[in-house]
Amino acid sequence: MDVTTTTSNTEEQANQQERDPESNSLHQPLLKRNRTLSSSPLALVGTKVSYIESLDYEINENDLFKHDWRTRSQAQVLQYVFLKWLLAFLVGLLTGIIATLINLAVENIAGYKLLAVVNYIERKRYMMGFLFMTGVNFILTLIATLLCVFFAPTAAGPGIPEIKAYLNGVDTPNMYGATTMFVKIIGSIGAVAAGLDLGKEGPLVHIGACIASLLGQGGPDNYRIRWKWIRYFNNDRDRRDIITCGASSGVCAAFRAPVGGVLFALEEVATWWRSALLWRTFFSTAVVVVVLRAFMEYCKSGECGLFGEGGLIMFDVSGVAVNYHVVDLIPVTVIGIIGGVLGSLYNYVLHKVLRLYNLINEKGKLAKILLSLSVSLFTSACLYGLPFLASCTPCNPSAVDSECPTTGRMGNFKKFNCPKGHYNDLATLLLTTNDDAVRNIFSTNTPSEYRVFSLVIFFILYCILGLFTFGIAVPSGLFLPIILMGSAYGRLLGMAMGSYTTIDQGLFAVLGAASLMAGSMRMTVSLCVIFLELTNNLLLLPITMLVLLISKSVGDCFNPSIYEIILDLKGLPFLEAHPEPWMRNITVGELADIKPPVVSLSGIEKVGRIVEVLRNTTHNAFAVVDYTLVPTVGQMSEVHGLVLRAHLLLVLKTKWFLQERRRTEEWEVREKFTWVDVAERWGTIEEVAVTKEEMEMYVDLHPLTNTTPYTVVETMSVAKALVQFRQVGLRHMLVLPKYHGPSVPPVVGILTRQDLRAGNILSAFPHLEKSHATKKGR
């Protein structure tokens, strides 16, 4: 792990974790504070407490890599590039197919359930309808919860914070396995079809990332394809690019928004970006949208059961005239301010709810199951019972184009318990799938369809459900609950404006949803394009941009985005893009001074020394220093580079030992290893067996050492070092002395991401606490 010491407290916590892996709580920080930069290597991944490490995004320029790079032919380079594009195509294809299957299953399961409920209501068998709906939702929630609790705890939740941390350089164990993916798929179907206030958008992002990871590594861990060219992608750097394609494909599959998916990956989840990656993510999302369109055209023929034009959120207002004047900027500004305030309030309350849920979840697996089932029962009771509070509304006889009332599972004017010629507006919003609820509340040219009372009930209910549903042990997304809450107050404001505005109430609902998403998630560009692709109307672009900018600016005044809050709760060591101002008052040399002395190895080292270092430390990299005796000067040192723990384990496992202390020839190294071998990880020191005779042998570390690690001088500010560390995607940063001499150590220290996190620095330098201002979003 990337920690510099192993304290007794950490060992005790680790031992306790082995006894009860579900015992960690969120109300206590996972990163311990003490007079050192060490911190606990524990974090919540999904709902599972896991040991975390950093990723090796840096290119390891050792002798093997240089030789491989020199000897690659043009054909091999083209083959490598072609395989990257092929993987991007397969990621898009499989994500599109799985997204279609999820929507197909949800629409049919939820659709037939609602048809049966409506049938009971038409026959005045209200109690049977309630029991049937509650029972089906209970079973679906139970299936999703059992899968997450017993088979894949990392599948619970949206998965986006963990993906964001992974692309930032934090390894999240068991996050992208085959079991996690299948549980995510089945769990999403069960949770969404059960009518819970959550969406499948976040899980689709996670599913896309799982598909990308599995393709990149050649399949599940136990059944990997070991083809030579597949193994070229078994490194953190290429895997990061493929997972970025998967995340953008997931957003595209959720909203049918290819450009929005690319921009979501760029704005929200990806830390590192380049033009080649932009093209590949765009290619993946293009494949996704083609697959979705092909399936939807096929399903229009009625071959897909109840799945037809529905199932994917799409609000086409291209035929609606959007007229607005200068006076309309006032309600648009008000929507933006409300979205910012409510979004930050939602983040604050959800933070408290998640802490409360952690206290419940730490009681054990039974507590997690009971919590999920309790939320399911409460949700079912509200969705079925609250429409009885709304009064029936007579159908508008002049609206000849609309069917009123509707008795099926879809439609804007649901009859529910009303007499002939009347409809129940609250049942139209509640007794339906979440996707259809979005379409209904976004509907245009329906100024008198909904009553204020029904919209207020709808808004309050989804505020409560949105807070208490997220955090239970099922796959869940935040997009849809926030869209439903925002659209409710947006439509209410449109009704309040009445004749004072020319903007349709349905468009006010769209603006309300956009404002609350920006106020909670703090995204602007990607959200603007996603809503543009959802509505298919360019005329909405100016006022949508204005709403998003106002909402984000207002929300930033109160607290961070919801994903940043979740990252902090889970204890994932995410590095922010902007350093704190006080970080310019500390140098990296001061950070290195409070760390234990650097553990270094000689260029030609004894096997026994290597084994001792690996057993007694948890470092993942060691400085390689060559010492030479210079007459009249004394012993001089030269930093040869940095050798990774994985490479030392590879040497020990393959028994690449020397009988005498000497430098090896280049052919000796190439005969034993390839560049692909050193790009992979090689287990732990406990898996290595070394005899007593082998302990006295030697290893030449020069061929495996990264001779060009990123280094900084000890006088550099922490702020500047943090920017370099994050932008380059480093795992280790060598701190070198400003002055060199026989009595000066060759390496001052090695910094990792834990050392550069603001909370850890403040714990090590208490005097900075006074100048530490409350963090605000930028």
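FYI, it's all coordinate maths here, none of it is from the lab. Being a predicted model, the structure only gives us computed values, none of them experimental. Virtual Cβ from ideal backbone geometry, glycine too; neighbours counted across all protein chains shown.
Using only Cα atoms, find the angle between the long axis of helix 275-298 and the longest principal axis of the chain, and express it within 0 to 90 degrees, rounded to the nearest 10.
Approximately 30 degrees, to the nearest 10.
Run the paramagnetic zone check for Phe453: 7 angstrom along Cα to Cβ, then residues of segment 381-397 with backbone nitrogen under 13 Å.
Zone members listed by number: 387-394.
What FRET efficiency would be calculated for the residue pair Ser743, Glu61, taking the C-beta separation as r and a Förster radius of 45 Å, to the nearest 0.05?
The value I calculate is 0.90.
How about Lys570: which aspartates and glutamates have a C-alpha closer than 12 Å to its C-alpha, ignoring those fewer than 8 places off in the same chain?
Within the straight-line limit of under 12 Å, Lys570 reaches these aspartates and glutamates: Glu162.
Quick one: check the C-alpha center-to-center distance for segment 327-385 versus segment 648-684, whole angstrom.
Value for the Cα centre distance between the two parts: 54 Å.
Once fully extended, how much extra length lies between Asn445 and Cys557, figured as 0.36 nm per residue of separation less the alpha-carbon to alpha-carbon distance?
Full extension of this stretch gives 36.7 nm more.
Measuring from a point 7 Å past the Cα of Tyr298 along Cα-to-C-beta, which residues in segment 98-121 have an amide N at less than 12 Å?
Counting only backbone N, you get 98, 100-101.
Please give the length that would be gained between Leu131 and Thr708 if that part of the chain were fully extended, namely 0.36 nm times their separation in residues minus their C-alpha to C-alpha distance (nm, one decimal).
Gain on extension, Leu131 to Thr708, equals 201.0 nm.
Between helix 236-255 and the chain, what is the angle of the helix's C-alpha long axis to the longest principal axis, kept within 0 to 90° and rounded to the nearest 10?
Taking Cα atoms only, the helix is inclined about 0 degrees.
Given (1) 15, 48, 33, 4, 0; (2) 15, 46, 28, 9, 1, 0; (3) 17, 51, 27, 5, 0, which label gives P(r) over Cα pairs in 20 Å bins from 0, in percent as computed from the coordinates?
Correct label is (2).
Report the full-extension gain for the segment Leu541 to Glu660: residue separation times 0.36 nm, less the Cα-Cα distance, to one decimal in nm.
Length gained, Leu541 through Glu660: 35.6 nm.
Return the loop-located GluC sites (Glu not before Pro) in segment 689-754 (DSSP other than H, G, I, E, B) with at most 14 other Cβ atoms within 10 Å of their own Cβ; answer none if there are none.
Those satisfying the criteria are Glu696.
Mind giving me the nanometre distance, one decimal, between the label points for Phe138 and Leu377, set 7 Å out from Cα along Cα→Cβ?
0.7
Is it possible to state the helix-based mean residue ellipticity at 222 nm for the chain, with each DSSP H run of 4+ residues giving -39500 (n - 2.57), the sum divided by total residues, to the nearest 500 deg cm²/dmol? What is it?
Helix-only estimate at 222 nm: -17000 deg cm²/dmol.
What fraction of the DSSP beta bridges in segment 581-777 is antiparallel, stated in percent and rounded to the nearest 5?
Expressed as a percentage, antiparallel bridges in segment 581-777 total about 75.
Testing the spin-label approximation: label points 7 Å from Cα along Cα→Cβ at Thr674 and Glu686. State their distance in nm.
Once both label points are built, they end up 3.1 nm from each other.
Taking the Cα centre of the chain as origin, work out the dipole magnitude from +1 charges on Lys and Arg Cβ and -1 charges on Asp and Glu Cβ, in debye rounded to 20.
I would put it at about 940 debye.
Just report the Cα centroid separation between segment 175-252 and segment 531-605, whole Å.
Using only Cα atoms to place each centre, the spacing works out to 24 Å.
Mind pulling the angle between the C-alpha long axis of helix 479-497 and the longest principal axis of the chain? Nearest 10 degrees, somewhere in 0 to 90.
Relative to the chain, helix 479-497 is tipped by roughly 40 degrees.
As a test of the definition: which semi-axes, in Å, follow for segment 592-641 when you take the square root of five times each eigenvalue of its alpha carbon gyration tensor? Largest first, please.
They are 23, 15, 9 Å, listed largest first.
Starting from the Cα of Ala178, step 7 Å along the direction of its Cβ; do the same at Arg123; then give the gap between the two resulting points in nm.
About 4.5 nm, to one decimal.
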